[in-house]
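Okay, so here's the structure we're looking at.
The values are calculated or read from the model by the stated rules, or taken from the named source; none is laboratory data. Because the structure is a prediction, the values reported are computed rather than measured. Ideal geometry is used to build each Cβ from the backbone, glycine not excepted, and the neighbour counts take in all protein chains shown. For accessibility, only protein heavy atoms count, side chains too; no ligands or nucleic acids. Shrake-Rupley method; radii C 1.70, N 1.55, O 1.52, S 1.80 Å.
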Amino acid sequence: MTRSDEELMAAHVRGDKRAFDELFQRHAPAIVRFFMRSFRDLGVSEDLGQQVFLRVHRARETYDVARPFKPWLYTIAGRVRLDEWDRRRRTIEQLDEEGSPERHAGASEPEEPADPHPIHAALAQLTEPQRQILHLHRVEELTFREIGGVMSLSEGAVKLRAFRAYEKLRAIMGSPASGGQP
C-alpha cells in the first residue's frame, strides 16, 4: 500500500529514514523541474533541489503533521529560489562595484534557450511569477489557495494573476479568449 506524502513525512518525523528517501524519490524530479523553469541549468537546479530536501530534513521537528506536505514543500522551494536570485543579484552588484561588469554581463538573468515548441516560446514571454503560478497550477496541480501559501499571496490574488497569465498566453498563441484554459 502506498503511503501519502503526509504519512511519509510523519514517519520521517518519527525517525523513519526510508520515509524520507521515498519522499525524495517521489518529489525530487518535480522540484528540479521547478528550478529549471527559473535557472535553465540542470546542475544548478539539482543543487537547489538538494537544498530543498536538506531544509525539509532539518525542519522535520517543526513540521505540523496535519499540514499538507506538497504546498509546504513548494513553499520551501520558493524560498530557496528567492535566496538564489538574491545571491545572484548580490554577486552582480559586487561585480559592478569592482568595475568589471562586462566580464559577467549575462549573469543576472538566466539564458532562455531557443525552443521550437510554440507553447514554450509563449511561456517565455510571461513574467517569472506568471510562469511559476501556471507551473504550480497546471503541472504540480496545486490549488490556488496552496499556491497562495507558496507565494505569500491571497487566493484571490493568485486567481487574478493566473487569469491574466492565461489571457496573455491566449493572446500570444492567437487563441480566442473564450477557448478555455490552455
Out of (1) open to solvent by 40 Å² or more (accessible area, probe 1.4 Å); (2) polar (S, T, N, Q); (3) modelled with pLDDT of 85 or more, the one GLN130 does not meet is (1)
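Going by what's in this entry, would GLU102 be described as at pLDDT below 90 and loosely packed, with under 12 Cβ neighbours inside 10 Å? Outline the logic, then answer.
On the way: at pLDDT below 90: yes; loosely packed, with under 12 Cβ neighbours inside 10 Å: yes.
So GLU102 fits the description; yes.
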Here the qualifying pairs (Cβ atoms under 6 Å; residues six or more apart or on different chains; first in region 153-175 and within 23 Å of THR75 (Cβ to Cβ) and assigned to a helix (DSSP H, G or I); second basic (Lys, Arg) and open to solvent by 60 Å² or more (accessible area, probe 1.4 Å)) come out as GLU155/ARG145
Region 30-50 - residue that is part of a helix (DSSP H, G or I) and over 12 Å from the mean Cα position of the chain (by Cα) and, of those, surrounded by the fewest Cβ atoms within 10 Å (Cβ to Cβ): GLY43
Please give the number of the condition GLY156 fails out of (1) farther than 23 Å from ARG40 by Cβ; (2) among the small types (Gly, Ala, Ser); (3) modelled with pLDDT under 90; (4) open to solvent by 40 Å² or more (accessible area, probe 1.4 Å). (3)
Contact list please: Cβ distance under 7 Å, first residue in region 14-32 and closer than 28 Å to GLU84 by Cβ, second residue β-branched (Val, Ile, Thr), pairs at least six apart or on different chains. ILE31/VAL52
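Return yes when ALA11 is crowded, with 17+ Cβ neighbours inside 10 Å, without any contact (Cβ under 8 Å) to a residue 40 or more places away in the chain and in a helix (DSSP H, G or I) and no when it is not. Break it down stepwise before answering.
Numbers: crowded, with 17+ Cβ neighbours inside 10 Å: yes; without any contact (Cβ under 8 Å) to a residue 40 or more places away in the chain: yes; in a helix (DSSP H, G or I): yes.
Here the answer is yes, as ALA11 does meet what is asked.
Residue-by-condition table, conditions (1) surrounded by 15 or more Cβ atoms within 10 Å (Cβ to Cβ); (2) under 26 Å from ARG3 (Cβ atoms); (3) touching a helix residue (DSSP H, G or I) at 6+ places or on another chain (Cβ under 7 Å):
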residue	(1), (2), (3)
VAL52	yes, yes, yes
HIS57	no, yes, yes
THR62	no, yes, no
PRO68	yes, yes, yes
TRP72	yes, yes, no
GLY78	yes, yes, yes
GLU84	yes, no, yes
ARG87	no, no, no
LEU95	yes, no, yes
Looking only at region 136-146, filter to residues that are open to solvent by less than 40 Å² (accessible area, probe 1.4 Å) and either at pLDDT 90 or above or in a loop (DSSP other than H, G, I, E, B) (or both); which one of those is farthest from PHE34 (Cα to Cα)? LEU142
